[in-house]
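Report on the following structure.
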Amino acid sequence: MRTLILSTCLLVVFSCSKPADKPAEAKPAGPPPLPSVIDANNMKAHIQKLSSDEMEGRAPGGKGEELATAYIGDYFKSIGLKTQMQAVPLVGVVSTATPLKITGEKPRTLKYGDEFVAWTKQQKDSVSVDADLVFAGYGVVAPEYNWNDFKDSVKGKIIVVFVNDPQLDDPKMFGGKAMTYYGRWTYKFEEAARQGAAGALIVHETEFAGYPWEVVRGSWSGEQFDMVRPDKGATLSPLNGWITHEVAVDLFKSAGLEFADMKKKALEKDFKPISLKSRASIQIKNKMRTVNSKNVIGVLEGQIPDEYVVFTAHWDHLGIGEPQNGDKIYNGAVDNASGVAMMMDIARAFTKAPKPKRSIVFMAVTAEEQGLLGSQYYAENPVFPLSKTLAEINIDEANVFGPNKQITAIGYGYTTLEDTLREVAAQQGRTVIPEEEPEKGFYYRSDQFSFAKQGVPGLYTKSMPLEASRKYEAERYHKPSDQFDPSWNMQGAVQDGDAFYEVAMRVANGDKWPEWKPGTEFKASREKSLGK
Ligand SMILES: [Zn+2]
């Protein structure tokens, strides 16, 4: 309670010390309204610039990166932040795959893009795979749920697995309806490598992936990036890929299996890998280059300069890729020029306020779209110690579709940051609600996850009105049509920016460090990092 009272007092001090530009009005009962510090037009100008065709879709390692990071860095400098670039060494790979040849009962040749996508994380010029296909359920080994889909060896084989985690009715299993990390595509490939598989092909289903096939297809067209790996990826499976639902139905059928039966079978605890009575072969050629990509970091020093509250927003997007409707530039206006724009304006607002107790770090990270690489690199090579980092607030996709009385906390109930957000939101007449679609695993899909893995409590929210959000996901997400629209209603983004500003201010000035709530999977690593 003390903390709450103290931070409320600080808020009053700050709001009083600001020049009054409006006459005071009679106050209604309830908490005092939250002052607004975020400027809609500033945000729009930043989004328009960052998502312009000139920026070429902001892929790491090209002209788009040069222009975007310079724009953000110059802006940070112009408002007086201590600015630096953190070099993030990456390997850029352009893969060309042959069609995927299936041999067996019903031979066929799959067309790249329409029926499958494939790549290799082995950093070699060329990789050839020719191996038996085996269905491995969800491809999960989860000791805490007493679950193992690999009761028989799949060594040297190509596994076919379902996306997401086992959708069991039991709320104690795999987070119930919510997706756990076992449901993420990144996990599937990591586990395939641990099992010594020659490859993994994930079966795409829109409902369980959280996005349509075009997103899979678009996301793996063009140059792909990875960390520089000392072993050149030798321990990873040679083949990673996705196949469409239709292809999977066919593969099962030619082995005498029904797709629907396999969906049921995969939910059984005694599931064992099932032969698909066919082989697949493919050759993948890589053109590789090393790239020094960048995280752009601006710091507003606090009175205790070596303790930090960190904001992140990824500056990168997909670059230039496969054309859709004649447009090949994936501008990424909402994803995530909008989040960077909001962070930039929050930074500006901080420079106008009295100096906070702790330092505030504003970080535009690279290669989020490539598997959270920039934030992972930072979290593993922190410029500022993570044990001195109180909290991280990540902004990925601002709400440009109008005001919303509700803010959705992704990873609802994870941290005490959410309680601070709830107090702040109440002052805006808004409420914090749980995720509508926890099965989509959003908590694992943006940069707060890199910090969470290292124990830093992270806040990540969404506030697009549901209808608008669904429309955006279906029509624009990860497509060239994610473009700036001057008619956007920025009121929702202003509300969120105001709220994040205030949460960061309260944490920076507060007595109590934010914490993971009991029972959350990241609590132990935080306690270890703080030496508890
Ligand atoms: Zn994003």
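Given the range 185-252 reduced to its alpha-carbon atoms as identical point scatterers, what log10 I(q)/I(0) does the Debye formula return at q = 0.18, 0.21, 0.26 Å⁻¹?
Listed by q, the Debye log ratios stand at -0.80, -1.03, -1.27.
Which pairs, out of K44/K355; K124/K177; K287/K479, put more than 32 Å between their alpha-carbon atoms?
Pairs exceeding the cut-off: K124/K177.
Under the rule of -39500 (n - 2.57) per DSSP H run of 4 or more residues, summed and divided by the residues of the chain, what mean residue ellipticity at 222 nm is obtained, to the nearest 500 deg cm²/dmol?
Calculated at 222 nm, the ellipticity per residue is -8500 deg cm²/dmol.
Please compute one quarter of the surface area of the Cα convex hull for the range 199-301 and express it in square nanometres.
Projected over every direction and averaged, the Cα hull of the range 199-301 covers 11.5 nm².
State, to one decimal in nm, how far the label point of E301 lies from the label point of T431, with both points 7 Å from Cα in the Cβ direction.
4.5
What is the Rg over Rh value, at two decimals, for the range 93-287, using alpha-carbon atoms and the Kirkwood definition of Rh?
0.94
Which peptide among 32-42, 187-197 comes first, and what is the full order, when sorted by highest mean count of other Cβ atoms within 10 Å?
Averaged packing, sorted descending, gives the order 187-197, 32-42.
Could you give the size of the charge dipole of the range 93-287 about its Cα centre, using +1 on the Cβ of each K and R and -1 on the Cβ of each D and E, expressed in debye and rounded to the nearest 20?
Using Cβ point charges on Lys, Arg, Asp and Glu, the range 93-287 gives about 520 debye.
If you take the beta carbon distance between E527 and R229 as r and set R0 to 35 Å, what does 1/(1 + (r/R0)^6) give as a FRET efficiency, to the nearest 0.05?
With a Förster radius of 35 Å, E is 0.70.
Could you give the distance between the Cα centres of the range 155-203 and the range 51-97, to the whole Å?
A separation of 33 Å, based on Cα centres.
What would the Debye equation give as log₁₀ I(q)/I(0) for the chain at q = 0.07, 0.08, 0.11 Å⁻¹, counting only Cα atoms as equal point scatterers?
-0.40, -0.52, -0.97
Since every read-out is calculated from the coordinates, none of them should be taken as a lab result. Please read these numbers as outputs of a predicted model, since none were measured by experiment. Glycine also receives a Cβ, built like all others from the backbone with ideal geometry; neighbour counts cover every protein chain displayed.
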